[in-house]
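This report refers to the structure that appears directly beneath it.
Just so you know, all these numbers are worked out from the coordinates, no wet-lab data involved. The structure displayed is predicted, hence computed values, not measured ones. Note that we place each Cβ from the backbone using ideal geometry, even for glycine, and neighbour counts take in every protein chain shown.
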Amino acid sequence: MNGYSVAIVGATGMVGQEFIKVLEQRHFPMDSIQLLASDRSAGKKLFVSHQEIEVRETTSESLKDIDIALFSAGAEVSRYFAPIAAQAGAVVVDNSSAFRMDPKVPLVVPEINPEDIGKHKGIIANPNCSTIQLVVALYPLHRVNAIKRIVVSTYQAVSGTGLAAVDELTTQAKQVLEGQTPVPHVYPHQIAFNLLPEIDVFMDNGYTKEEQKLAEETRKIMHADDIAISATCVRVPVFTGHSEAVSVEFSHPMSADEAQYILAQAPGVKVLDDTAISLYPQPWSAAGTDEVFVGRIRQDTSCANGLVMWIVADNLRKGAALNAVQIAEEMIRRDWLKAGG
Ligand SMILES: NC(=O)c1ccc[n+]([C@@H]2O[C@H](COP(=O)([O-])OP(=O)(O)OC[C@H]3O[C@@H](n4cnc5c(N)ncnc54)[C@H](OP(=O)(O)O)[C@@H]3O)[C@@H](O)[C@H]2O)c1
């Protein structure tokens, strides 16, 4: 056997579709692939490497004889089926929020904490999309000059909510342009031509769960419990690509030139920063690419040791499917993933 037996749970969804593309594009060594979803999709046909494959319902039976199971079907499905898959011998890489803050489950971004993968007990968590791009850009700076505080505002694309939200933005945009009044279904208000500062549920302290996840996950991945983080997460009428305006306070002064120099060499990062020619990262051009783009790097005029920057990445690729596949590749590279159980 020269490849692995792979399962995608949630194969018909936004992230699931991206999983298929990323596995194909990166020539992931597969002997077989199971495409799993809910009973609604059972029997549907999808293509993987020009081969038509039937989608099956996710059951305990369908998760047998799998080496690596890539989950992206929501937290409830992961909570139930991920332990079953792990018990049956698979290593699970889970895209949902179900296990991310479980101290027994590693939360991994391969550019930052690949060694944490080795601590897994069958399940590895993939971080939230807005967290991944933030830490890929900030960790290389933190290694040189410890970060004390982060204030971040996100501008998150609707594909981060899933297929239904992409359809909702498409429909509402047409309705508004035709003079009709859209009725929201996925979000609490109209998303077309609008901004919603509400992602996930509100908590007692006034923050949303998404904002809390961004802070907690960043500290866990970077092994930096004492970084102070305040986030405001906003849903924007963009199909793909999350953007973040980030103010960072370091322990010591850091110039914008030094940060640019460090980030230009950082794995997974591409600096796009030349204001003279209006060069900066944008979600439209980041969509479909693998890097985390950083630009508008400048001194924070309100903070002695501060820098401000703008970070953009494709939420479905580095923010979800790509990061999970990179975790699997890292396990293969370290000989931590066995084919055939
Ligand atoms: N979108 C992003 O940028 C992003 C980033 C990071 C993490 N995630 C996480 O990834 C997960 C999926 O997100 P998505 O954007 O791909 O959502 P989506 O487009 O709504 O797709 C959901 C997928 O889950 C499947 N599913 C739903 N209920 C199921 C069940 N009971 N059993 C088995 N499969 C079931 C769906 O299958 P059917 O087609 O049969 O309904 C579909 O394949 C979520 O946990 C999300 O938080 C998403």
Which residue pairs have Cβ atoms closer than 7 Å, lie 6 or more positions apart in sequence or on different chains, and pair a first residue in segment 148-172 that is in a strand (DSSP E or B) with a second residue that is hydroxyl-bearing (Ser, Thr, Tyr) and surrounded by fewer than 23 Cβ atoms within 10 Å (Cβ to Cβ)?
-> 148/251; 151/230; 151/247; 153/232
Please enumerate the residues belonging to segment 217-255 that are within 16 Å of the ligand (Cβ to nearest atom) and in a loop (DSSP other than H, G, I, E, B).
-> 236, 237, 238, 239, 240, 241
Would it be correct to say that residue 38 is among the small types (Gly, Ala, Ser), more than 12 Å from the ligand (Cβ to nearest atom) and at negative phi?
-> no
Top-ranked residue of segment 1-32 - restricted to ones that are under 17 Å from residue 159 (Cα atoms) and part of a loop (DSSP other than H, G, I, E, B), ranked as farthest from the ligand (Cβ to nearest atom) = 11
Tell me which residues, restricted to segment 136-160, are crowded, with 19+ Cβ neighbours inside 10 Å and among the polar types (S, T, N, Q).
-> 154, 156, 159
Taking only pairs six or more apart or across chains, which ones have beta-carbon atoms under 6 Å, a first residue in segment 243-268 that is at positive phi, and a second residue that is buried (at least 16 other Cβ atoms within 10 Å of the Cβ)?
-> 268/111; 268/136; 268/292
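Of the residues that make up segment 46-59, is at least one in a loop (DSSP other than H, G, I, E, B), within 12 Å of the ligand (Cβ to nearest atom) and crowded, with 20+ Cβ neighbours inside 10 Å?
Taking segment 46-59 as the starting set, the residues that turn out to be in a loop (DSSP other than H, G, I, E, B) are 49-50, 58-59.
Still in the running and within 12 Å of the ligand (Cβ to nearest atom): 58-59.
From what is left, the residues that are crowded, with 20+ Cβ neighbours inside 10 Å are 58.
Yes, because at least one residue in segment 46-59 is in a loop (DSSP other than H, G, I, E, B), within 12 Å of the ligand (Cβ to nearest atom) and crowded, with 20+ Cβ neighbours inside 10 Å.
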